[in-house]
Amino acid sequence: MSILVTGGAGYIGSHTCLALLRGGYDVIIVDNLSNSNPESVARVEELAGRKTVFYRADIRDAVELERVFRENSVEAVIHFAGLKAVKESTEKPLEYYENNVGGTLSLCRAMSACGCKKMVFSSSATVYNQSNVSPLTEDMPAGETTNPYGTTKYFIERILADLCKADQDWRASLLRYFNPIGADKSGRIGEAPNGRPNNLVPFVAQVAVGKHPHVEVTGTDYPTPDGTGIRDYLHVSDLADGHIKALERLMKTPGCETFNLGTGKGSSVLEVIAAYERACGKKLPVVKKPRREGDIAVCYSDPSKAQKLLGWKAEKTLDEMCEDSWRWQSLNPEGY
Ligand code: UD1
């Protein structure tokens, strides 16, 4: 069975392509390489011992998409392609709406035209209203997003829900990720951010490898046990497996469904740094900084719906996530 993966050369995309290949699926990748490296695809193929079909193309390019669907018999699409930097999205909102929302519309049109109407969508916990109290469940209010990146994820969820309502042949699985970290156990693929990482763990990894002098802890006065922010970190390989489970359910279940993918367990910034210190075997200097704008104190999932309906549960511990991140980072200090 052939699965089209948009953004398949990226961080979560590459781990999901590996899980698909290992699960016996044929994988077609469409990626414009705007924030990824084709080396990730080469390494996925090497790890799986199987090839993918790769197109360097932008999902907004209708002609190219039409060619991809004509040349392959695509059963379903896992859609990752999009821009994902929160701060950048506040500076360049149009680029975010064009790429993420425009790209998804273009993709859905191409899918409809060829009768491929099953999509697993890469959404985010960022769509939940900040006033919700964790653990977050899928039925809690969403849409009061705080930045254009989050708004694009919310709009796309709504578009896919409307599409499934209008056309009974359309099916979608909206996966709201919490905080994916870590890397494949091999240390061959991982997160390779361009420039200074915005997210905690990629930054800690670069401190551990000597690229920055210290970790900046943004906010030490939150109403949490140690004063730092609490998030639900999950291993990217567990997350990748969640996509396979979502795909399996999509094959037999009509409609549009939403699932949290998280561990259900919150960890503070200081707990993450301590786990990373255990993984890399050295002390990581820390500097206290003011709160980052837009951040909340606590955000973690209730993952029971995914467990019940998808049969999926995140298995890996925070220590394993940090050990695998460190293996990738120390073997590939410059990324790909
Ligand atoms: C962020 C985005 C979210 C996105 C997700 C995955 C914001 C407000 N949210 O989530 O929309 O889906 O990344 O890309 O940007 N921290 C530090 N030092 C750092 C960086 C972060 O202490 O250098 C702290 C933060 O204050 C937070 C925690 O670490 O408490 C996690 O931050 P981060 O990794 O950026 O993820 P989120 O903010 O949860």
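Contact map, region 60-73: residues that are more than 18 Å from Leu105 (Cα to Cα) paired with residues that are surrounded by fewer than 17 Cβ atoms within 10 Å (Cβ to Cβ) and of a type in the set (Gly, Ala, Ser), Cβ distance under 8 Å, separation 6+ or inter-chain. Pairs shown: Asn72/Ser2; Ser73/Ser2. Restricting attention to region 109-129, the residues that are away from the ligand (no atom under 16 Å from the Cβ), open to solvent by less than 10 Å² (accessible area, probe 1.4 Å) and assigned to a helix (DSSP H, G or I) total 1.
Scan region 14-29 and tell me whether some residue there is farther than 21 Å from Met251 by Cβ and among the aliphatic types (A, V, I, L, M). No, region 14-29 contains no residue that is farther than 21 Å from Met251 by Cβ and among the aliphatic types (A, V, I, L, M). Among residues that are at pLDDT 95 or above, open to solvent by 70 Å² or more (accessible area, probe 1.4 Å) and among the hydroxyl-bearing types (Ser, Thr, Tyr), Ser73 is included.
Set side by side, the residues Met140, Met111, Met119 differ, and just one is in contact with a His (Cβ under 9 Å, 6 or more places away or on another chain) and either at pLDDT 95 or above or charged (D, E, K, R) (or both), which is Met119.
Screening Thr137 against (1) surrounded by 17 or more Cβ atoms within 10 Å (Cβ to Cβ); (2) away from the ligand (no atom under 12 Å from the Cβ) leaves a single unmet condition, (1). Say we look at region 144-175 and pick out the residues that are within 14 Å of the ligand (Cβ to nearest atom) and assigned to a loop (DSSP other than H, G, I, E, B); which of these is farthest from Gly7 (Cα to Cα)? Ranking the qualifying residues of region 144-175, first place goes to Glu144. Asn194 passes every criterion in (1) within 12 Å of the ligand (Cβ to nearest atom); (2) open to solvent by 20 Å² or more (accessible area, probe 1.4 Å); (3) assigned to a loop (DSSP other than H, G, I, E, B); (4) not β-branched (Val, Ile, Thr) apart from (1).
Could you grab me the full set of residues in region 268-302 that are more than 16 Å from the ligand (Cβ to nearest atom) and of a type outside the set (Lys, Arg)?
Answer for region 268-302, where residues must be more than 16 Å from the ligand (Cβ to nearest atom) and of a type outside the set (Lys, Arg): Ala279, Cys280, Gly281, Asp302.
Looking across Thr224, Thr253, one residue alone is over 20 Å from Lys316 (Cβ atoms), open to solvent by 10 Å² or more (accessible area, probe 1.4 Å) and within 12 Å of the ligand (Cβ to nearest atom). It is Thr224.
The values are calculated or read from the model by the stated rules, or taken from the named source; none is laboratory data. Note that the coordinates shown come from a computational prediction; the quantities given were computed from them, not determined experimentally. A quick note on method: Cβ atoms are made from the backbone with ideal geometry, for glycine too, and the neighbour counts reach across all protein chains shown. When the accessible area is computed, the model is the full protein with side chains, heavy atoms only, and any ligands, DNA or RNA have been set aside. Shrake-Rupley method; radii C 1.70, N 1.55, O 1.52, S 1.80 Å.
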